[in-house]
Amino acid sequence: MKRKGIVLGVVMSLLLALCGCGSGKNKEGIGSQQAASSKDYVYKVESPDIKGWADGTYSNVLKAGDVMYVYGYNWNGDNGESMEICFAALGSDGSTGQEHRIALGEDGGLNSILCDEQGFLYGIKVLYGRDSNEDGEFQDQYYFIKVSDQGEEIFSIFLNELPEVKEASSDSWFYVGNMMSFGDSLIIRIVDQYFLFDRDGNFQRILKGDEEKPLSNVNLVPLSDGKLACFSYEEDGCYTGFVDPDTGSISEFTKLPGYSYDFTAYAGIGYDLYLVNSYGVFGYDIGAENVIQLMNYVDSDLGVYEIYNLLPINEKEFWGTFADMETSQTSLGHFTKVDPKDVKERETIVLACTGVNWDIRTDIVKFNKSNEKYRISIQDYSSLYGSDTDYKAGINRLNADIVSGKVPDILILNNEMPISSYVSKGLFEDLKPYIEKDPELKIEDYMPNIIEAFSVNGKLYQLVPYFTISTILAKTSDVGPERGWTIQDVNDLMASKPEGTQFLSYADRNTMLIQCMSLAGSQFIDWFSGKCNFDSDGFTELLEFLKQFPEEVDDAMYDDEYWQNYDSMWRDGRVVAQIYSASNFRDFNYVSKGTFGESVTMIGFPSSNEDGSAIIANLQMVMSAKSAHKEGAWEFLRYYLSDGYQKEIQYGFPLSVKYIDAMADKATRRPTYEDEEGNEVETDDYIYIDGMEVKLEPMSLAEADRFKEDLYSFTQVYNYDENLIQIVQEETAAFFDGQKNAKDVAHIVQSRAQIYVNENR
């Protein structure tokens with residue numbers, strides 16, 4: 001049986017002239033910025049204190065001539081169940097005029113809203129699941145509405161029953177998308193076609209495109225100069241062009257440079273389009289070779305996920321909504337470009353990465369806003385140099401820069417980098433002296449085994465603020481309480497089990513090989529000595545072990561009965577072990593008492609050195625040994641060792657001994673929640689096993705102490721080396737196919753692996 005997943009997406013847009021597509025870039029990509037921090041990308045944001053707005057539920061602004069309107073959703077206060085849209089004119093001082101409301105009903109929503117220079121508002125109102133179609137299925141009802149600036153409804157057109165709409169959409173599941181203003185017309189996307197209406201609600205025509213390039217898979221963006229732009233996803237990226245509003249044909253259809261995901265396109269001023277993504281705002285003229293950065297969030301001290309519903313006022317000013325990454329609160333913002341000469345001069349520290357998460361960006365913004373001497377600038381190589389056809393271009397470029405000596409002040413590492421090679425070349429600064437000299441930090445306050453695991457010859461090159469443990473779990477009653485076992489131990493255990501018992505569920509040969517090389521690869525390779533050991537009996541024994549696993553998992557083996565009883569397979573002993581990532585005490589208790597139903601051991605992957613578990617660095621940060629800004633770099637890095645950071649770690653284990661103890665203590669107590677009166681109330685944890693509710697008791701003190709002891713015993717670092725794994729995969733294929741014996745293959749792997757290690761040390 002094939003496993004199936006259901007993805008349900010509900011999209012509701014409050015748009016002006018908006019369409020979404022992937023992230024665009026210039027020839028070297030569009031992303032964090034085109035170079036190191038630039039004063040040219042700085043904007044200031046002001047969030048107006050809107051006065052007179054009853055509920056503070058504003059979502060965005062609209063502009064009609066010289067008048068600004070603020071609008072947003074609100075739940076009717078009478079019953080708390082009826083949704084309505086509220087709008088009012090917005091004064092320059094933040095005051096609002098008379099507030100007007102459009103009733104949406106209990107199950108209503110608004111797909112789009114826009115306005116014209118006369119102050120009329122237009123929207124697509126939807127009532128979900130209100131009616132049945134001819135097949136008896138519930139169908140959403142869509143209404144094209146026009147409302148005066150006084151809240152008076154001018155018309156309400158039921159789109160589902162409009163003859164022209166019914167005829168064009170009879171063979172498709174009916175839905176209405178966004179609405180756009182184009183000249184004297186309004187364009188409404190219905191199913192996969194674009195319908196034009198005049199402003200009195202009269203149907204005009206359908207934009208169909210031509211046979212070679214229909215508009216069914218194309219998104220439209222009306223531009224400020226009266227032209228109609230479009231974009232479309234193709235196999236190799238995103239393409240943009242112009243649409244003839246009379247014929248619907250597309251011209252100048254060219255590929256957007258760089259990555260084409262994760263952006264939203266708006267009509268621009270000074271450019272055809274404004275492209276907005278999670279890094280900033282960019283200008284783009286259709287057909288041009290370059291995408292021009294206009295605003296950078298980090299340079300602007302703005303910690304946001306993205307700016308939404310962008311409304312340009314002029315080339316240096318726009319409105320939009322944004323969600324603050326620190327508070328998760330959505331605010332309305334007025335953005336204005338700051339003259340570069342007015343941007344305060346500070347010492348710039350470059351932080352390079354291949355993708356940076358929201359938390360780190362928030363940390364950088366907070367640091368930049370609070371520090372008068374230093375400023376962190378992000379260089380995301382994936383955004384700068386990646387493309388739709390080569391997602392690894394960014395990491396390849398970063399690796400090339402590092403090898404050539406262009407190491408940034410701070411570098412966030414990932415598992416696709418030859419980290420051990422960089423360390424052996426002396427590219428990174430020893431951070432231990434910085435900790436020892438810091439008046440607020442003590443090296444003994446952090447887990448010694450983690451410090452040691454990321455140290456070389458007593459020097460700490462990698463800062464790992466928090467971590468997880470990758471391992472394999474099995475019942476203690478099967479494997480004993482001590483960590484580590486050999487392949488022979490596994491074979492002996494499986495021989496004692498009933499026929500049909502599985503070692504791991506849904507495990508193929510390649511998965512097991514990757515697990516071995518990542519968790520227990522240190523038994524075959526030592527990066528710091530430069531010695532490989534693939535021509536050993538341990539490796540040939542591993543090959544024989546891996547041969548027991550199928551090349552591909554046969555889905556036919558996993559029928560309905562298998563999946564119906566999936567949750568109990570470890571409890572019942574049908575499966576012996578589970579690949580597991582330990583991230584906190586309570587989750588381990590959940591797996592032990594819930595999934596397995598009894599005590600488990602983090603036994604690890606079977607290996608000759610009996611240490612097949614590994615530390616995964618959830619975050620790895622290093623300082624360049626050649627940095628000219630080491631003092632400032634440490635000023636930023638030390639935050640990740642502070643109590644303020646360590647105590648807030650939720651996913652993963654903190655490096656701080658104090659907060660490891662706090663996490664252990666919490667796991668021995670029942671979980672709590674806050675009731676409506678603000679009181680902390682104890683509750684219980686439950687797990688469902690094949691539909692049966694099982695109550696989970698908290699960890700005992702002895703269980704928490706034992707788990708903590710294990711955490712202090714891990715010394716091996718997870719090492720996913722894609723190039724090395726590829727060598728092993730390529731050469732072992734001949735053994736698994738029966739063309740060569742294990743020893744011959746082992747000698748070939750040894751030769752290739754040794755050359756690879758020598759070249760990268």
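Worth a mention:
- Within the range 708-747, tally of residues that are assigned to a helix (DSSP H, G or I), touching a helix residue (DSSP H, G or I) at 6+ places or on another chain (Cβ under 6 Å) and not assigned by TED's automatic domain parsing to the domain that holds Asp535: 1
- Here the range 245-256 is the region considered, the condition is being buried (at least 18 other Cβ atoms within 10 Å of the Cβ) and in a strand (DSSP E or B), and the residue that is modelled with the lowest pLDDT is Phe253.
- Selected residue (criterion: farthest from Ser92 (Cα to Cα)) from residues of the range 331-350 that are touching a helix residue (DSSP H, G or I) at 6+ places or on another chain (Cβ under 7 Å) and outside any helix (DSSP H, G or I): Ile349
- Within the set Ser529, Ser518, the sole residue that is small (Gly, Ala, Ser), in a helix (DSSP H, G or I) and assigned by TED's automatic domain parsing to the domain that holds Ile725 turns out to be Ser518.
- Strands (runs of 3 or more DSSP E) wholly inside the range 578-623 containing at least 2 residues that are on the phi < 0 side of the Ramachandran plot and within 27 Å of the chain's Cα centre (by Cα): 614-617, 621-623
- Test result for Lys39, out of contact with any strand residue (DSSP E or B) (no Cβ under 9 Å at 6 or more places or on another chain), surrounded by fewer than 17 Cβ atoms within 10 Å (Cβ to Cβ) and either among the hydrophobic types (A, V, I, L, M, F, W, C) or modelled with pLDDT of 85 or more (or both): yes
- Strands (runs of 3 or more DSSP E) fully within the range 660-702 counting 3 or more residues that are free of Cβ contacts under 8 Å to residues at least 60 places away in the same chain and either touching a Gly at 6+ places or on another chain (Cβ under 8 Å) or not small (Gly, Ala, Ser) (or both): 672-674, 680-682, 692-696
- Unmet requirement for Asp554, which otherwise passes all of (1) buried (at least 19 other Cβ atoms within 10 Å of the Cβ); (2) under 34 Å from the mean Cα position of the chain (by Cα): (1)
Residue-by-condition table, conditions (1) at pLDDT below 85; (2) outside the structural domain of Leu431 (by TED's automatic domain parsing); (3) within 19 Å of the chain's Cα centre (by Cα):
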site	(1), (2), (3)
Asp359	no, no, yes
Ser370	no, no, no
Tyr374	no, no, no
Ser387	yes, no, yes
Gly394	yes, no, yes
Pro408	no, no, no
Glu416	yes, no, yes
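- Trp634 being part of a helix (DSSP H, G or I) and either in the same structural domain as Leu513 (by TED's automatic domain parsing) or of a type in the set (Phe, Trp, Tyr) (or both): yes
- Thr321 falls short on exactly one of the conditions (1) free of Cβ contacts under 8 Å to residues at least 12 places away in the same chain; (2) surrounded by 21 or more Cβ atoms within 10 Å (Cβ to Cβ); (3) hydroxyl-bearing (Ser, Thr, Tyr), and that condition is (1).
- Looking across the range 226-237 at every residue that is under 15 Å from Tyr266 (Cα atoms) and touching a Ser or Thr at 6+ places or on another chain (Cβ under 9 Å), the one that is surrounded by the fewest Cβ atoms within 10 Å (Cβ to Cβ) is identified as Ser232.
- Top-ranked residue in the range 612-626 [being surrounded by fewer than 20 Cβ atoms within 10 Å (Cβ to Cβ) and of a type outside the set (A, V, I, L, M); ranked as farthest from Lys373 (Cα to Cα)]: Asn618
- Lone qualifier among Gly241, Gly237, Gly268, Gly226 - being over 30 Å from the mean Cα position of the chain (by Cα) and either more than 26 Å from Leu186 (Cβ to Cβ) or in contact (Cβ under 8 Å) with a residue 12 or more places away in the chain (or both): Gly226
- Residue match in the range 631-644 (condition: buried (at least 18 other Cβ atoms within 10 Å of the Cβ), closer than 13 Å to Pro465 by Cβ, hydroxyl-bearing (Ser, Thr, Tyr) and modelled with pLDDT of 95 or more): yes
- Summed over the range 122-173, the residues that are assigned to a strand (DSSP E or B), among the charged types (D, E, K, R) and modelled with pLDDT of 85 or more give a count of 4.
- Qualifying residue in the range 730-743 (condition: surrounded by 18 or more Cβ atoms within 10 Å (Cβ to Cβ) and under 36 Å from the mean Cα position of the chain (by Cα)): yes
- No other residue among Asp363, Asp299 is crowded, with 23+ Cβ neighbours inside 10 Å and outside any strand (DSSP E or B) apart from Asp299.
- The set of residues in the range 370-428 that are small (Gly, Ala, Ser), touching a Ser or Thr at 6+ places or on another chain (Cβ under 8 Å) and under 30 Å from Tyr233 (Cα atoms) comprises Ser382, Ser383, Ala393, Gly394.
- Search result, residues across the range 600-611 that are in contact with an Asp or Glu (Cβ under 8 Å, 6 or more places away or on another chain) and surrounded by fewer than 20 Cβ atoms within 10 Å (Cβ to Cβ): Ser608
- Qualifying helices (runs of 4 or more DSSP H) (wholly inside the range 380-473; at least 2 residues being under 17 Å from Val350 (Cα atoms)): 381-385, 393-403
- Condition broken by Glu648, with the remaining ones in (1) among the charged types (D, E, K, R); (2) assigned to a helix (DSSP H, G or I); (3) within 26 Å of the chain's Cα centre (by Cα) satisfied: (2)
- Test result for Lys626, at pLDDT below 95 and in the same structural domain as Pro418 (by TED's automatic domain parsing): yes
- Exclusive hit being in contact with an Asp or Glu (Cβ under 6 Å, 6 or more places away or on another chain) and surrounded by 17 or more Cβ atoms within 10 Å (Cβ to Cβ), set Phe242, Phe174, Phe182, Phe195: Phe242
The values are calculated or read from the model by the stated rules, or taken from the named source; none is laboratory data. In this text, all values refer to a predicted model and were calculated from it rather than measured experimentally. No Cβ is skipped: glycine too gets one built from the backbone with ideal geometry, and neighbour counts run over all protein chains shown.
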